[in-house]
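Here the structure comes first, spelled out in structure tokens, and everything after it is commentary.
None of the figures in this text is laboratory data; all of them are computed from the coordinates on show. Predicted model only: the values in this text are computed from it and were never measured. No Cβ is skipped: glycine too gets one built from the backbone with ideal geometry, and neighbour counts run over all protein chains shown.
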Amino acid sequence: MAEAQAVALEQLPVDERLYRIRHSAAHVMAEAVLRIFPDAKVAIGPPIENGFYYDFDLPRHLTPEDLEQIEEHMREIVSGDHRFTRTVLSREAASEMFCGQPYKLELIRELPDGQEISIYTQNSFTDLCRGPHVDSTRRIHPKAFKLLSVAGAYWRGDEKRPMLQRIYGTAWETPKELRAHLEHLKEVEKRDHRRVGRELDLFSTHEEAGPGLIYWHPKGSRIRIAIEDYWRAAHREGGYEMLFTPHVGKAWLWQTSGHLDFYKENMYAPMELDNADYYAKPMNCPFHIMIYKTRMRSYRDLPLRWGELGTVYRYERSGVLHGLLRVRGFTQDDAHIFCTPAQIEDEIKEVLRFSLKIWDDFGFSNTKAYLATRPPKSVGDEDRWYQAQRSLQAAIEDQGLDYELDEGGGAFYGPKIDLKIRDALGREWQMTTIQFDFNLPDRFDMSFTDSDGREKRPYMVHRALLGSLERFFGVLIEHYGGAFPLWLAPVQAVVIPVASAFDGYAAEVADLLFRAGFRAEADLSDDRMNAKIRNAQNTKTPCMVIVGEQEQQARTVSLRTRTGERTSNIALEDFMRRMHDKVVTRAEI
């Protein structure tokens, strides 16, 4: 039986309206593609955040001109006022209807017995679909959608399956909203960390030497060192001890931790040494546990807060690698807390406060928490789960954080808090994880002697604050668009002489700044002064220190900031004190 879907679109919340518009636009796009490629094999086409996509098996690769042609057909379709109608079919009828579409047939075969199979039809296109849609194609404004790009995508995300072509698009309620979104995408592209990384000479990757492995250039390394120095100092003040652990471990370690049972496909292949298999570490936690177990621990020893900037290696599929954001080798800013049950609530409150403080220092003040609770299948005593979840929730509420509850979304070995930050463009990034673990203490038979003389299991909390230095650096680049704050900038000041006659004084000023601990250099090239200033602005240098005859005679400098502010004839010692104060307080000059 077929029926028209009646939707009072205006009465729905904005998110639901956009979902239906984008879902429907994906179907319209598929119809347009089939007009151009009648023999195309159609896969799936869901709405996504800010848009939609559809996967196709096509006879040739698409070009930008193809996207323009598909858009023209889409406009013709939406202007035709074709209704979206829903029909429920039997498995046999659905299989017959899609007999020439192998990807649809695979989806039909996998549907559980007894599950309703529905299709939606508009004009000449029919697709397997649960809905919902708008009532008619006229609800899709012909000037409020845009096809954006084409990318490769393996069927079902499996690199052993066919490679399909994925067309991405965006759709909005009005042309004004579309224009605003396209402007936003331009800004996102301008800030893309891969592009900015090349322009500012920060890092590179090399397929010849291994994909997903990051090469930090001198300027990128300066920022990394500044991040690491700050991280270590903050952790020292927070009561953490630093650890250093090996990069590889015997198979026994990963078998005991469970990684070889549940995580092996994401680990690098073993190396055979001394008749034993060794694996590059995908995580640091088993090594920290081995240090814990080097002697018997007392309740008087706890809590133990151990941090490590530990480099780990995970085998990610080549298709998902993405600049700094998805890599195979990365340095995790890891920490583990071992404590007694009586200490756990205070420890969680402190680690959350500590995390928020560090995010604020890096310029991210818009943070939201997600509390994931016990899933149906889990390990660990029920009372411990309850206490752990209560301590996490109490910490969130103590900080007054906005949060969402993810019922049943915890790992099988413990509940967790995920912190997501918003960057300068309003995008949300999942970064910090505070994760209880009731599994590894049991697997490694960890214990401490309590005040009653009995041996008990310690609580173990994993905490990755920045996530990894590589991914954090990528987010940091895009947040600031490469215009890093003074305390992080790879070059904090460039000294520019007004003419070559003052190169000596420029070099002297740069050397004094460098010896005082600032990342400073002199531009002694043959370029004219204005060209040197433009170059400093293009590389987003915070301070342009101008020196000429007057400055040389008076032992002063003139300052020009990247925001255009100018100050003349600052005593050199005063300028250095000002730089020092701004760096220490992480303020702009």
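Couple of notes before you dig in:
- Charge tally in the Cβ shell below 9 Å around residue 285, where Lys, Arg are +1 and Asp, Glu are -1, residue 285 excluded: -2
- Computed about the Cα centre, the dipole magnitude for the chain is approximately 520 debye when only Lys and Arg (+1) and Asp and Glu (-1) carry charge, each at its Cβ.
- Sorted peptide list for 309-316, 441-448, criterion being average Cβ within 10 angstrom, highest first: 309-316, 441-448
- Segment 493-584 - charge dipole about Cα centre, Lys and Arg +1 at Cβ, Asp and Glu -1, debye rounded to 20: 440 debye
- Burial ordering of 523, 511, fewest other beta-carbon atoms within 10 Å first: 511, 523
- Shape call, segment 493-584: gyration tensor on alpha carbons, a/c limit 1.5: rounded
- Under 5 Å from the amide H of residue 404 lie the amide H atoms of 369, 370, 371, each residue being 5 or more positions distant or on a separate chain, with H modelled from the backbone and absent for Pro and chain starts.
- Loop sites in segment 446-479: trypsin sites (Lys or Arg not before Pro), DSSP, at most 12 other Cβ within 10 Å: 454
- Our helix-only sum for the chain, with -39,500 (n - 2.57) per DSSP H run of n ≥ 4 divided by its residues, gives a mean residue ellipticity at 222 nm of -11000 deg cm²/dmol.
- J(HN,Hα) series, segment 571-580, from Karplus relation 6.51 cos²θ - 1.76 cosθ + 1.60, nearest Hz, glycine and proline x: 4, 4, 5, 5, 5, 5, 5, 5, 4, 4
- Put in line by how crowded their Cβ is, counting other Cβ atoms within 10 Å and starting with the fewest, 579, 296, 29, 529 read 296, 529, 579, 29.
- The fewest-to-most ranking of 378, 79 by surrounding Cβ atoms within 10 Å reads 79, 378.
- Inter-label distance for residue 387 and residue 195, nm, one decimal - labels placed 7 Å from Cα along Cα-to-Cβ: 5.3 nm
- Amide H contacts of residue 315: 267, 268, each under 5 Å away and 5 or more positions distant or on a separate chain (H built 1.01 Å from N in the peptide plane; Pro and chain starts excluded).
- Classified by the C-alpha gyration tensor, the chain has an oblate form. Its axis ratio a/c, with a ≥ b ≥ c, is 1.5 or above, and a/b does not exceed b/c.
- For the chain, with +1 on Lys and Arg beta carbons and -1 on Asp and Glu, the positive-most of 185, 557, 280 along the dipole: 557
- Sequence-distant residues sharing a close amide H with residue 541 (under 5 Å, placed H): none
- Low-density loop positions, trypsin sites (Lys or Arg not before Pro), segment 29-77 - DSSP coil, at most 14 other Cβ in 10 Å: 60
- In terms of its C-alpha gyration tensor, segment 1-121 comes out oblate, because a/c is 1.5 or above while a/b does not outweigh b/c.
- Farthest toward the positive end of the dipole of segment 2-172, out of 117, 9, 100, is the Cα of 9, where the dipole comes from beta carbon charges about the Cα centre.
- Cα lying deepest toward the dipole's positive end in the chain, options 84, 175, 449, charges on Cβ: 175
- Only lysine pairs 8 or more places apart or on separate chains count here, and in segment 183-313 those with Cα atoms under 17 Å apart total 4.
- 3J(HN,Hα) couplings calculated from phi for segment 548-564 with the Karplus curve 6.51 cos²θ - 1.76 cosθ + 1.60 (θ = phi - 60°) are, in sequence order, x, 5, 4, 5, 5, 5, 8, 6, 10, 9, 10, 10, 10, 8, 5, 8, x Hz; Gly and Pro show x.
- If R0 is taken as 41 Å, the Cβ-Cβ distance between residue 531 and residue 361 corresponds to a FRET efficiency of 0.70.
- Neighbour cut-off at most 12 other Cβ (10 Å), DSSP loop, GluC sites (Glu not before Pro), segment 151-237: 159
- Length gained when the stretch residue 65-residue 293 is fully extended (0.36 nm per residue, less Cα-Cα span): 75.7 nm
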